[in-house]
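Input: a single structure, listed below in structure tokens.
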């Protein structure tokens, strides 16, 4: 089929590449001409394992092309797949500005019947509203348009795997022919289809992320109690996860969730509930736990090592490994709290950054704080004279660092593992005072 994927960000580019790899004729459309130029040169605008090679392979075989020409992008394809951003506003609801702009572009250039597929995460009721908006802007007797909700369920760092091995494919709509057409896009994939109406498809996306966010906050709250009782939270999670009703997924205690999905989607659910006069008590508490988890971790650090005037090394800026996404990063929020505590110097290592300018601070970040932060690249000398090392992201290369040599170069060898990533016994043998998240008396 001929498909135009509108929006060449993380979801849009991944989707376009996978669809092209499945044999479809794909155009990637974006208003950002610089981004389009780089993509046509085989350069991804973000970091994601495996996509670089796939992009270059598809370009060389001419199975995909990227453009900023809206007219040709709309006219040449029978399926228009929307993957633009829907960021949160200050009140928590999704900003649909980019989506509204896409509808205007479609209406301006439509030349034949089209199926408009929504990949973007949108508030419940949006796809039905889109169908109404397009019907008002277009002569649908001449150019019939059907909107289909087809939410994505990609994990950053695992996007290619998740696209090729989807847990399920949700298709929401009211036109059976359009639903079948979208289903045929994925016939080569090993997937199970779930067909429903617009609102159910939209809610599945939000409810899935809301549940996973709650699961993370649950294990983090249990970790706080386990820390007081001397229980090893990793053992607790492993024992819980053996129950098939619970499963081990997302039972990893740490310094909280971040990224572009969980915080935004939880906020949107809470906003929608407020609009409907409801209170989602469980989700409110999940958000509250997540928002306070870094503060709890900092208090734990300060109970052992007062931070004022200290020098520390922070390992990790991205919200998780194998991505360059810093949105809602716990590592960045931790650095900001360290500065509030009066830390004298913060050194930072992350595989995706080489300069301070690449760090995306929160809106309220004190510019003077940057004077105390430096990005370092020399691993051997990174810990010289520091009082503590704080690990915030589970990059594999962090495990391979010279921990034994490092211990002898510090002012005081405190290691605070915010992700329970390193082996406590091994680190202590190397000379570190290792502190994880509720690792128990035995470890």
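Coordinate-derived values only; no laboratory data. Predicted, not measured: the structure shown is a model, and the values here were computed from it. Heads up, the Cβs are rebuilt from the backbone with ideal geometry, glycines too, and the neighbour counts pull from every protein chain shown.
Using DSSP, restrict attention to beta bridges with both residues in the chain and report what percent are antiparallel, rounded to the nearest 5.
Numbers: 3 of 48 bridges.
Expressed as a percentage, antiparallel bridges in the chain total about 5.
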Please sort 324-336, 142-154 by packing, taking for each peptide the average over its residues of neighbouring beta carbons within 10 angstrom, highest first. 324-336, 142-154
Computed over the chain, the relative contact order (Cα-Cα under 8 Å, seq sep at least six) in percent reads 12
Label points 7 Å out from Cα along the Cβ direction at residue 400 and residue 193: separation in nm? 4.4
Which FRET efficiency value, to the nearest 0.05, do you get for residue 41 and residue 207 by plugging their Cβ-Cβ distance into 1/(1 + (r/R0)^6) with R0 = 51 Å? 0.80
Take peptides 376-386, 415-425 and line them up by average Cβ neighbours within 10 Å, highest first, as a rough protection proxy. 415-425, 376-386
Under the 0.36 nm per residue contour assumption, what length would be gained going from the current alpha-carbon distance of residue 365 and residue 380 to full extension? 2.4 nm
Note the angle between two axes, namely the Cα long axis of helix 97-109 and the longest principal axis of the Cα atoms of the chain, as a number of degrees from 0 to 90, rounded to the nearest 10. 20
What is the extension gain from residue 167 to residue 302, computed as 0.36 nm multiplied by their sequence separation minus the C-alpha to C-alpha distance, in nm to one decimal? 44.4 nm
What is the helix-to-structure angle for 126-137, meaning the angle in degrees between its Cα long axis and the longest Cα principal axis of the chain, kept from 0 to 90 and rounded to the nearest 10? 40
Packing-based order for 186-193, 159-166, using average beta carbon neighbours within 10 Å, highest first: 159-166, 186-193
Once label points are set 7 Å from the Cα along Cα→Cβ at both residue 108 and residue 129, what is their separation, rounded to one decimal in nm? 2.2
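If you take every DSSP beta bridge whose two residues both sit in the range 2-196, what share of them, in percent to the nearest 5, is antiparallel?
On the way: 2 of 28 bridges.
The antiparallel fraction comes to roughly 5 percent.
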What nm value, rounded to one decimal, do you get for the distance between residue 276 and residue 60 when each label is placed 7 Å out toward the C-beta? 5.1
Give me the angle, in degrees from 0 to 90, between the Cα long axis of helix 10-21 and the longest principal axis of the Cα atoms of the chain, rounded to the nearest 10. 60
